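What follows is a single structure, written as structure tokens, with notes after it.
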Amino acid sequence: MGEIRKILAVRGVGVCCIAALLCSASSAPAAIQPGNILLNPDVEMAETGPNIFNVPEGWFRSSNNLDNVNGIGETGTGPVTFGGHWDNTQSVSPTHSLGLLDGGIGGPFSKTEWRSWAAPMPAGTTLLRWSWDVMYDITGGTVPEFSVHARTSGPFVGTGNLLESPTVLIDHTVALTGNTGGQFVTMTLDVPIVSPSDGSYDIIFRTEPVDGSGAGDTLGTMFIDNISVVAIPEPASLGLLAASCLVLLGDRGTR
């Protein structure tokens, strides 16, 4: 597999925070992780209603920096035109993935992305663990070409909304280059939480508008499937859970 560069970007609302980043990759694709809280993680479920823009439930596609739920930026002549498409040619589960191609309706300097709707974090969450299967092939140039953004915010912005600055507290970025040899691989990203327990999270898969030299991106493809988000509670909550289990086991033993 090609080089994987890890870039940490941490933004604060009022206060800047520094947190650790862990990103890893394995060669075998994985199923949805136990405890997943992300809606439609295998992206198989279609958006409810007429779905005239052909998108999966819980996901938003934007092109050329146009974020408009009424379809502006999504009215091109096909997947190659707007760059982001609900793909049915490459997948792990079983028929669909999120597809991205370099360049959108604005040409090589445009930005195209798949973004999950904002969702609430469970109370007491101290770490969100993202896991996704990805296959990519980037033919040249310098990084970044494609990126993954794992973001948190506070307070909760409401289900069905987009998570936008200045509400973003943390944005961890993983930039990808090279290729996976025509195979899906599993990647994970741990995001420590500093926002309130009533905060939100989202995840973005994106083509970058320019490469590291400031020039337009070269050709590349990216397919994403089986996207899990698992909320890991604070140690105190884990301790209470363990203590409760011990009490239950002890009570069972006295019967």
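Key figures for this structure:
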quantity	calculated
For I170, distant residues with modelled amide H under 5 Å away	R11, T152
Spin-label pair A25/Q183, simplified geometry with 7 Å Cα→Cβ offset, distance in nm	1.2
HN-Hα J in Hz across segment 113-124 - Karplus 6.51, -1.76, 1.60, θ = phi - 60°, x for Gly and Pro	8, 10, 10, 6, 5, 4, 9, x, 8, x, 4, x
Interchain or long-range residues, amide H under 5 Å from A119's placed H	Y201
5 angstrom amide H check on L127, placed H, neighbours 5+ away	I193, I232
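Read the figures in this text as sums done on the coordinates, not as results from a lab. Computed from a prediction, not measured in an experiment: that's the story for all the values here. Quick reminder, even Gly has a Cβ in these numbers, built from the backbone with ideal geometry, and neighbours come from all protein chains shown.
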